[in-house]
1. If one computes P(r) from the Cα atoms of the chain, what percent of pairs lie at distances over 20 Å?
2. How far is helix 74-96 tilted off the main Cα axis of the chain, in degrees rounded to 10, range 0 to 90?
3. From the alpha carbon gyration tensor of the range 1-70, can you work out the equivalent ellipsoid semi-axes (sqrt of 5 times each eigenvalue) and give them in Å, largest to smallest?
4. Relative contact order, percent, of the chain when contacts are C-alpha pairs under 8 Å separated by at least 6 residues?
5. Looking at S35, F16, H66, which one has the Cα that reaches farthest to the positive end of the dipole of the chain (charges on Cβ: Lys, Arg +1; Asp, Glu -1)?
6. Would you grab the residues whose amide H sits under 5 Å from the one on G70? Only those 5+ places off in sequence or on another chain, please, with H modelled 1.01 Å from N.
7. Divide by every residue of the chain the summed helix terms, -39500 (n - 2.57) for each DSSP H run of at least 4, and state the resulting mean residue ellipticity at 222 nm, rounded to the nearest 500 deg cm²/dmol.
8. Would you mind counting up the charge near T37? Only other residues with Cβ under 14 Å from its Cβ, with Lys and Arg at +1 and Asp and Glu at -1.
Amino acid sequence: MNVWLTILLLVVSNVFMTFAWYGHLKLSEMKVITSSTPLVVVILISWGIALLEYFFMVPANRYGFHENGGAFTLPQLKVIQEAISLVIFGLFTVVLFKGESLHWNHLAAFLCLVAAVYFVFMDN
């Protein structure tokens with residue numbers, strides 16, 4: 001159960017983090033905020049969203065870490081998180097930013113991350 005709970009929490013946390021980092025760009029595109037909106041306001045909005053991300057990331061790492069009864073080592077948790085992060089970012093880009101597109105080199109980079117996941121789980 002810790003495996004799936006950890007992965008679910010990592011997915012949710014990465015959705016919030018992607019919105020915290022890049023959501024303001026979509027808000028600008030939608031004219032919710034403008035280029036005249038003070039940067040400090042944009043940063044505070046992003047911090048608020050990032051706080052929600054921490055409510056999921058910290059438990060994911062806590063439950064998933066093998067020394068706390070979880071299934072993953074620290075490097076495994078990090079590589080899983082990075083792979084999930086790129087999947088979420090890819091979906092975010094394609095769905096919300098229709099002018100942006102993903103190309104073959106993006107797929108190649110993702111396949112390299114899949115390989116990283118494979119290697120981090122390989123027995124020594």
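1. Numbers: 3993 of 7626 pairs.
Distances greater than 20 Å cover 52 percent of the Cα pairs.
2. 30
3. Values: eigenvalues 206, 24, 6 Å².
Equivalent ellipsoid semi-axes, largest first: 32, 11, 6 Å.
4. Details: 107 pairs, mean separation 38.0, N = 124.
Relative contact order, the chain: 31 percent.
5. Comparing the listed Cα positions along the dipole, S35 ranks first.
6. F65
7. About -27000 deg cm²/dmol.
8. On the way: positive: K26, K31; negative: E29.
Result for the local shell: +1.
The values are calculated or read from the model by the stated rules, or taken from the named source; none is laboratory data. No experiment lies behind these values; they were computed from the predicted model shown. Methodologically, a virtual Cβ is constructed for each residue, glycine included, from the backbone with ideal geometry; neighbour enumeration extends over all protein chains shown. We work out accessible area using only protein heavy atoms, side chains counted, and drop any ligands, DNA or RNA first. Shrake-Rupley method; radii C 1.70, N 1.55, O 1.52, S 1.80 Å.
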